[in-house]
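Worksheet: one structure, shown below.
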Amino acid sequence: MKSPSNSILIRLKTYIQQNRNYQFFIGYPLDNSTQWMRVVKFDRTNLQVEQGLILNHKDVLAFIVAYPSGEILDAENIFYPLPRGINFIGKEEKRLQKILVPENLKFGNRCLKVVHQKNARDRRKNYYNTILINLCNERIRVKKFAAYSRYGSIYILSTVTGGYFSEKQFKEWYDIDGDGWIEPGQIITDRNNNGISSCYWVYFCVSESNKEFVAGELFPGARLWWKFW
């Protein structure tokens, strides 16, 4: 297996510093991994796996970071079998063909503000924050969401799953507890959005009074870094 890279260390430390309820696994032995060990404790320089071993962050070659549901958020030097209950994001049996008309987002954007912003302290390449702000005077909930990429003059549904991301995924990615309601004025953030191509991130929502709307904002790809650095 190749030697540790700065990218691995940066990514691993970023997820640790986010202080969320992620699941961490480290490939072991470090230089030729054959099994996954769950991380149970970590500090600024070391991590401890459930078998009691203490390892330095800098020595890690293979890792998995997963949401509480077991869906993989990020990984490096994956090998099989995966840890029990850990899986890659599922895909639709048939890819959906959906087209976005950006003008149709105007009403919804008055209820939910979507902002894409590079975090100057995040050293991961091509990662950015997607921030949602509830502008309504009532609670709202996101039922599903997706990215729409540009093809010629139109925007077409384009996700790794081939369909929409679910409400369950929304709550994990945006770290929302309970029933998923977003309070008036509440700000929530996905700190792990990544990509370099121009696309719209679109959110299909319902208010507490049962009004449905769609909101979204363009992520202009590589040009974004010039704006926020």
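The values are calculated or read from the model by the stated rules, or taken from the named source; none is laboratory data. What you see is a predicted model; the values in this text were computed from it and never measured. Positions of Cβ are backbone-derived with ideal geometry, glycine not excepted, and every protein chain shown enters the neighbour counts.
Worth pointing out:
- Of the candidates F88, F107, F63, the single residue that is touching a Leu at 6+ places or on another chain (Cβ under 8 Å) and among the aromatic types (F, W, Y) is F63.
- Residue in the stretch 124-132 that is closer than 27 Å to W181 by Cβ, without any contact (Cβ under 8 Å) to a residue 60 or more places away in the chain, among the aliphatic types (A, V, I, L, M) and not assigned by TED's automatic domain parsing to the domain that holds K13 present: yes
- Of all residues in the stretch 77-99, exactly one satisfies the criterion of being part of a strand (DSSP E or B) and modelled with pLDDT of 95 or more, namely N87.
- Filter pass, C136 being touching a Pro at 6+ places or on another chain (Cβ under 8 Å) and modelled with pLDDT of 95 or more: yes
- Candidate set from the stretch 125-179 (those that are in a strand (DSSP E or B) and among the β-branched types (V, I, T)); member that is surrounded by the fewest Cβ atoms within 10 Å (Cβ to Cβ): I154
- Single residue of R84, R44, R38 found to be of a type outside the set (A, V, I, L, M, F, W, C) and touching a residue at least 40 places away in the same chain (Cβ under 8 Å): R38
- V202 being under 14 Å from the mean Cα position of the chain (by Cα) and either in the same structural domain as L112 (by TED's automatic domain parsing) or modelled with pLDDT of 95 or more (or both): no
- Yes/no for F107 being part of a helix (DSSP H, G or I) and touching a strand residue (DSSP E or B) at 6+ places or on another chain (Cβ under 8 Å): yes
- Extreme residue, surrounded by the most Cβ atoms within 10 Å (Cβ to Cβ), among residues of the stretch 15-44 that are over 30 Å from N129 (Cα atoms) and out of contact with any strand residue (DSSP E or B) (no Cβ under 9 Å at 6 or more places or on another chain): D31
- Among the residues of the stretch 191-211, the one identified as without any contact (Cβ under 8 Å) to a residue 60 or more places away in the chain and loosely packed, with under 12 Cβ neighbours inside 10 Å is N210.
- With respect to the stated conditions, K125 fails to be closer than 19 Å to Y22 by Cα and basic (K, R).
- Looking only at the stretch 139-190, residues that are of a type outside the set (K, R), touching a residue at least 40 places away in the same chain (Cβ under 8 Å) and under 20 Å from Y127 (Cα atoms) come to 17 in all.
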